[in-house]
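Undergrad: Sharing a structure, written as structure tokens. Questions coming.
The values are calculated or read from the model by the stated rules, or taken from the named source; none is laboratory data. Nothing here was measured: the structure is a model prediction, and the numbers come from that model. All Cβ positions, even for glycine, are placed from backbone atoms using ideal geometry, and neighbour counts span all protein chains on display.
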Amino acid sequence: MSLRRRPIRWGRISVIIVVAVLAGVGARAIWANGIFAHAPTGFAGSCKVAGHLPGIADIEIAHNMAFISASSAHTAGKDDGLYALPLTGGGRLVKLAGTPKDFHPRGIGLTASPNGSGLFLLAVNRRGAASAGAGIGNRRFSIDSFEVTNPDTAPALVAEGTIEGGLLTNPQDVAAAGPGTFYVANGTAGSNPILHALAAYGVISGGNVLYFNGMSFRVMADGLYGTRSLALTPDGQHLIVAGLLSRDLKSFAREGFSGTLTEDKSLNLPAGPEKITLDSRGDLWVAAHANLPDWRAFSSDPSKPSASQVLRVSLLGGVPQSVDQVYGNDGSQIGGASVAASNGKHLLVGSSLDGRLLDCTLP
């Protein structure tokens, strides 16, 4: 008596595999985009509007002066540029001269001059393609550098140079690492529109971190999700990278001579981080989006502001330890906050989609 084996039904197996893959992709997209997430609201301090700008891409604070990168997220405008706001003495928001004509900044980074009395500023410049609907492949990016003179009282910019490179596919932020060296957070990009869309929604990775060693760019960290911002710890030993679509902060140990990065530890966040800044006490301030579909809807329709969240993260030895929410609003005070920076009791909050700059007093 012989036993007949049942034929292997490859078609059914293939269907099961496809369904499992699609389910995994769907689960990943739902989690990465926070489709069912909501932002808690509440703030124990008080806020006032310190000014209106086309869109606030980044804020860095030094010498009791806030340096603000402003550009519209949709169209180029004459008000795009770098601004300064004194944090003492009741000074007003002032646009700084000295930037190129074709200048639409994103993230910025500050570093002290060798004698400590001055500052150098680096800016990601989205050149020649700030028009609405411009595709990634049509944009030209550069890292522009400036000396900041009289940073304490009357800051002014002196242009130093412009650096371009083929690896700057979609740069979002920059962090100075030393004289002529810096790191760049490269967001999702790609010439293939399908792969770009998958990366933009967190289904696949597509971001990286670049290092410029004074002569050329090199990829130092790859396979990241929605790389939007980075911060170098004051001792230069760690680089913190914010992943909008991984909803976490990754700490990388840094080798000072070569700039090589080695992933250390990460901290999961309750929302996707956009921009991160360090304060003088060593805490990290994070502007984040719990629900990315709401944030994208606000980008398309200004009448539908998304919620704003500001998180404070403690660091120990360059590694993120714990997170607590300091500021939360449903979007009525400021929609879709993209950056927050703190100095003492000051907390500045800005949004790339909302023209208001908030000056808040911490409790």
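Undergrad: Across segment 271-291, what is the number of residues that are among the polar types (S, T, N, Q) and more than 11 Å from A39 (Cα to Cα)? Break it down into steps so the answer makes sense when it comes.
TA: Quick first cut of segment 271-291, residues among the polar types (S, T, N, Q) only: 277, 280, 291.
Pick out the ones that are also more than 11 Å from A39 (Cα to Cα) and you get 277, 280.
Number satisfying all stated conditions: 2.
Undergrad: Test each condition in (1) buried (at least 17 other Cβ atoms within 10 Å of the Cβ); (2) of a type in the set (G, A, S); (3) farther than 16 Å from A156 by Cβ; (4) free of Cβ contacts under 8 Å to residues at least 40 places away in the same chain for S72 and report the one that comes out false.
TA: (4)
Undergrad: On to the next question. If only one of S303, S338, S251 is more than 27 Å from M65 (Cα to Cα) and touching a Lys or Arg at 6+ places or on another chain (Cβ under 7 Å), which one is it?
TA: Numbers: S303 fails: touching a Lys or Arg at 6+ places or on another chain (Cβ under 7 Å); S338 fails: more than 27 Å from M65 (Cα to Cα).
Exactly one residue qualifies, and that residue is S251.
Undergrad: Right, something else. What about G161, is it under 20 Å from V184 (Cα atoms), surrounded by fewer than 14 Cβ atoms within 10 Å (Cβ to Cβ) and either modelled with pLDDT under 95 or in contact with a Ser or Thr (Cβ under 7 Å, 6 or more places away or on another chain) (or both)?
TA: Values: under 20 Å from V184 (Cα atoms): yes; surrounded by fewer than 14 Cβ atoms within 10 Å (Cβ to Cβ): yes; either modelled with pLDDT under 95 or in contact with a Ser or Thr (Cβ under 7 Å, 6 or more places away or on another chain) (or both): yes.
It is true that G161 is under 20 Å from V184 (Cα atoms), surrounded by fewer than 14 Cβ atoms within 10 Å (Cβ to Cβ) and either modelled with pLDDT under 95 or in contact with a Ser or Thr (Cβ under 7 Å, 6 or more places away or on another chain) (or both).
Undergrad: Kindly provide the set of residues from segment 279-289 that are under 14 Å from V323 (Cα atoms) and either touching an Asp or Glu at 6+ places or on another chain (Cβ under 6 Å) or modelled with pLDDT of 95 or more (or both), ordered by number. Give the steps one after another, and end with the answer.
TA: Within segment 279-289, the first condition is being under 14 Å from V323 (Cα atoms), and the residues that meet it are 282-288.
Within segment 279-289, D283, L284, W285, V286, A287, A288 meet the criteria.
Undergrad: Could you check, for segment 47-59, whether at least one of its residues is over 24 Å from N343 (Cβ atoms), modelled with pLDDT under 95, touching a strand residue (DSSP E or B) at 6+ places or on another chain (Cβ under 6 Å) and crowded, with 19+ Cβ neighbours inside 10 Å? I'd like the intermediate steps shown before the answer.
TA: Step one: list which residues in segment 47-59 are over 24 Å from N343 (Cβ atoms), which gives none.
No; the residues of segment 47-59 include none that is over 24 Å from N343 (Cβ atoms), modelled with pLDDT under 95, touching a strand residue (DSSP E or B) at 6+ places or on another chain (Cβ under 6 Å) and crowded, with 19+ Cβ neighbours inside 10 Å.
Undergrad: Take D222 and decide whether it is buried (at least 17 other Cβ atoms within 10 Å of the Cβ), part of a strand (DSSP E or B) and acidic (D, E). Let's see the steps before the verdict.
TA: On the way: buried (at least 17 other Cβ atoms within 10 Å of the Cβ): no; part of a strand (DSSP E or B): yes; acidic (D, E): yes.
When the stated conditions are applied, D222 does not pass them.
Undergrad: How many residues, within segment 180-205, are part of a loop (DSSP other than H, G, I, E, B) and touching a residue at least 24 places away in the same chain (Cβ under 8 Å)?
TA: Residues of segment 180-205 that are part of a loop (DSSP other than H, G, I, E, B), as a first pass: 180, 187-192, 201-205.
Narrowing the set further to residues that are touching a residue at least 24 places away in the same chain (Cβ under 8 Å) leaves 180, 187-191, 201-203.
Summing the residues that are part of a loop (DSSP other than H, G, I, E, B) and touching a residue at least 24 places away in the same chain (Cβ under 8 Å) in segment 180-205 gives 9.
Undergrad: If you don't mind, there's one more thing I want to ask. Does at least one position in segment 27-45 carry a residue that is exposed (fewer than 10 other Cβ atoms within 10 Å of the Cβ) and modelled with pLDDT of 95 or more?
TA: For segment 27-45, residues exposed (fewer than 10 other Cβ atoms within 10 Å of the Cβ) and modelled with pLDDT of 95 or more: present.
Undergrad: Of the residues in segment 162-171, how many are part of a strand (DSSP E or B) and either in contact with a Phe, Trp or Tyr (Cβ under 9 Å, 6 or more places away or on another chain) or over 21 Å from L119 (Cα atoms) (or both)? Let's see the steps before the verdict.
TA: Taking segment 162-171 first, the residues part of a strand (DSSP E or B) are 162-163, 171.
With either in contact with a Phe, Trp or Tyr (Cβ under 9 Å, 6 or more places away or on another chain) or over 21 Å from L119 (Cα atoms) (or both) added as a condition, the list becomes 163, 171.
Within segment 162-171, residues that are part of a strand (DSSP E or B) and either in contact with a Phe, Trp or Tyr (Cβ under 9 Å, 6 or more places away or on another chain) or over 21 Å from L119 (Cα atoms) (or both) number 2.
Undergrad: Test of understanding: among S314, S352, S332, which residue is among the polar types (S, T, N, Q) and closer than 18 Å to S69 by Cβ?
TA: Numbers: S314 fails: closer than 18 Å to S69 by Cβ; S332 fails: closer than 18 Å to S69 by Cβ.
Testing whether each residue is among the polar types (S, T, N, Q) and closer than 18 Å to S69 by Cβ leaves just S352.
Undergrad: Something else: Mind checking which residues of segment 231-268 are over 17 Å from V323 (Cα atoms), among the aliphatic types (A, V, I, L, M) and out of contact with any His (no Cβ under 7 Å at 6 or more places or on another chain)?
TA: Once the filter is applied, which keeps residues that are over 17 Å from V323 (Cα atoms), among the aliphatic types (A, V, I, L, M) and out of contact with any His (no Cβ under 7 Å at 6 or more places or on another chain), segment 231-268 yields L232, L239, L245, L261.
Undergrad: Just to be sure I understand, how many residues within segment 158-181 are over 18 Å from K250 (Cβ atoms) and either touching a strand residue (DSSP E or B) at 6+ places or on another chain (Cβ under 7 Å) or β-branched (V, I, T) (or both)?
TA: 14
Undergrad: With the requirement that a residue be at positive phi and either acidic (D, E) or within 20 Å of the chain's Cα centre (by Cα) (or both), what does segment 56-84 give you?
TA: Of segment 56-84, the ones at positive phi are 63-64, 81.
Of everything in segment 56-84, just one residue is at positive phi and either acidic (D, E) or within 20 Å of the chain's Cα centre (by Cα) (or both), namely G81.
Undergrad: How do the pairs read when you match residues in segment 141-156 that are more than 17 Å from K95 (Cβ to Cβ) with residues anywhere that are part of a strand (DSSP E or B) and at pLDDT below 90, using Cβ under 7 Å and keeping only pairs 6 or more apart or on different chains?
TA: F141/R127; S142/R127
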